[in-house]
Amino acid sequence: MQLNYKKYSDVGEPLLALHGLFGNLANWGAHCKKFAETFAVYGVDLRNHGDSPHADELNYQVMAEDVRELMVRLKLKHCYMIGHSMGGKVAMQLALSHPELIRKLIVVDIAPVAYSSKTDGHARILQGMETLKLDELCNRKDGEEKLQEFVEDEVTRKFILTNLTRGEAAGFSWRLNLDSIHKNYSKLREKLVGDEPYANPVLFVKGALSDYIHQKHEKDILRLFPAAAVKIVMEAGHWVHSERPQVFQKLALDFLQGGK
């Protein structure tokens, strides 16, 4: 699959940024511009998201293969990589399957473990998105009001509605592949698979207010990523890089540039 991407610079070593569920490469835009001062940065739309192609199949193995194919297309022998949430799991799976491709990895607020639907909270979001009658929407504000019953948090609602697009005559539609995401949602909660651990440095960045990384996950993290370190960002939830951007940028750059 030929993923959509945006290249921000030609400076330095390549760095790929992967978004989370319901997101797209624009979620990393501000950070990509900052990192582009030092790295050749690529923002990536994962399959079924943003402007990348849609497909029925959706799991971490195929998404990791998509990214590998993108690296081949871009003639990148190796890179640094950052991934948030679902994108973090894609990046981890690629590191486990093809460790030679990633020099260092930053995983933002996710662990390589299985999650229940109660833990991640996405089931309610999916229900709200599917309940929304797109042909009856007058405008985006109307969609937000109807989604409020399912998604109480205003920031999350507005984030979800960035996927709502309007054609000239066809009304509103979802830019992402909602059917495939819903059908394969259980696969996106599964733990990662790897025969051998990834030996290179990995930085896990946890939001102090988030429940996605726990002390109980330490064993699973170190089994697959023995050179892992964890940094906790105070006053941040699951969207660490959005809520505390300057703190995140410093952590990321210190890690990526350390040991060069």
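Working from label points 7 Å from Cα in the Cα-to-Cβ sense, the Lys231 to Ala26 distance is 2.8 nm. Taking the longest Cα principal axis of the chain as reference, the axis of helix 86-97 is set at about 40 degrees. Cβ crowding within 10 Å, taken as a proxy for footprinting-reagent exposure, orders Trp174, Trp239 from fewest neighbours to most as Trp174, Trp239. The phi torsions of region 184-195, fed into the Karplus equation with coefficients 6.51, -1.76 and 1.60 and a -60° offset, translate into couplings of 9, 4, 4, 5, 6, 9, 6, 6, 7, 10, x, 6 Hz, rounded to whole numbers, with Gly and Pro shown as x. Backbone geometry of region 103-109 corresponds, through the Karplus equation with coefficients 6.51, -1.76 and 1.60 at θ = phi - 60°, to 3J(HN,Hα) couplings of 7, 9, 9, 10, 10, 9, 6 Hz, x marking Gly and Pro. Spin-label model, Asp153/Glu190: points 7 Å from Cα along the beta carbon direction are separated by 2.6 nm. Length, then width, then depth: along the principal axes, the Cα atoms of the chain run 55, 39, 35 Å. Here the extension length gained between Gln61 and Asp254 equals 66.5 nm, from 0.36 nm per residue of separation less the Cα-Cα distance. If you wrap region 118-183 in the convex hull of its Cα atoms and look at it from every side, the mean projected area works out to 4.5 nm². When you count the other C-beta atoms within 10 angstrom of each residue and take the mean per peptide, 199-209, 15-25, 35-45, 153-163 line up highest first as 15-25, 35-45, 199-209, 153-163. Kindly list the residues of region 217-260 that lie in the label zone of His78, defined by a backbone N under 18 Å from the point 7 Å along the Cα-to-C-beta vector. The answer is 225-228, 255-260. Taking amide H as placed 1.01 Å from N in the peptide plane, the amide H of Ile102 sits under 5 Å from that of Cys79, each at least 5 places away or on another chain. Once R0 is set to 25 Å, what does the formula 1/(1 + (r/R0)^6) return for the Cβ-Cβ distance between His214 and Gln127, expressed as a FRET efficiency to the nearest 0.05? The pair His214/Gln127 has a calculated efficiency of 0.45.
FYI, it's all coordinate maths here, none of it is from the lab. Here the structure is a predicted model, which means the values were calculated and not measured. Positions of Cβ are backbone-derived with ideal geometry, glycine not excepted, and every protein chain shown enters the neighbour counts.
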